[in-house]
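The values are calculated or read from the model by the stated rules, or taken from the named source; none is laboratory data. Predicted model, so just to flag it, every value in this text is computed and none were measured. Here the Cβ is made from the backbone with ideal geometry for all residues, glycine too, and neighbour counts use every protein chain on show.
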Amino acid sequence: MAGSTFWLVVLLGMFGSLLGFILNHFLPLMLLRLNGSLPPKGSFGWPILGQTLAFLKPHPSNSLGAFLQHHCSRYGKVFKSHLFLSPTIVSCDQELNYFILQNEGKLFECSYPKPIHGILGKSSMLVAVADTHKRLRNVAVSLVTITKSKPEFLSDIEATTISMLHSWKDKSQVIFCEEARKFTFNVIVKQVLGLTPDEPQTTRILEDFLTFMRGLISLPLYIPGTPYARAVKARRRISSTVKAIIEERRRQAAETSTNSSRSKRSDFLEILMDVVILI
């Protein structure tokens, strides 16, 4: 009897989830029609998946890609779709996009699809709004200002550049986008965490960062083994690693006897601690 009840609950849960996905796919369109408002032309594609897979299909950076080209030629520059598990209005119209950007925070609110929040984190500057976004932006601006004012800023970038160029000597082929990503990452890690590319922590963070980037543009289904699920876990590991580094720096700062060293780390640490608390 208990076993039958368990499977009944499982079946009801699966049925409820499936019904929820179907309603999420079709209900917005039905409500718009009932209210007498018709969305732009377009297609929602498959239930649950929508048109996300076609949208994420790689294409040359100097083109719109097959998905946008096909939909723009068929439905116009503004069309409806279903992307990242959410009904979506896609705009390729320059004037409309300019109007939206000019009225951000007034008529429109900048945001990412909800499934992307799982990767970026609830308090990421890319998804945060209102006071939280303002605070994160102030932290980022302060961090950039302090970093650029450091005397060793340019010398660190030069050293990173020379090191990366030397690493290309024995390579028959260099993938520029990956190397550019590594260069940017190494500069940020050096300036923010004080880690060099040769340190084990840097390697671990880089691996998690690359996993994170691959999952950021993937189908947002949290199923173990998928790029999305791996990206969510990678972001958590990065957050834990950064927190551990900050705690270690704070402990070292407390043990430092010279006021100059303590002051230098205190300003830098204060910014990082604000970010960690928000995460």
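For T184, indicate whether it is under 26 Å from H59 (Cβ atoms), surrounded by fewer than 15 Cβ atoms within 10 Å (Cβ to Cβ) and of a type in the set (V, I, T). Here the answer is yes, as T184 does meet what is asked. For the residues Y222, Y228, the requirement of being outside any helix (DSSP H, G or I) and closer than 30 Å to I48 by Cβ singles out Y222. Is it the case that D170 is of a type in the set (D, E), assigned by TED's automatic domain parsing to the domain that holds F212 and over 24 Å from G215 (Cα atoms)? Yes; evaluated as a whole, the condition is true for this residue. Here is the figure for the range 183-194: residues that are under 15 Å from D208 (Cα atoms), over 17 Å from the mean Cα position of the chain (by Cα) and of a type outside the set (V, I, T) total 1. The set of residues from the range 57-74 being closer than 17 Å to S43 by Cα and either surrounded by 11 or more Cβ atoms within 10 Å (Cβ to Cβ) or not assigned by TED's automatic domain parsing to the domain that holds S43 (or both) comprises A66, F67, L68, Q69, H70, H71, C72, R74.
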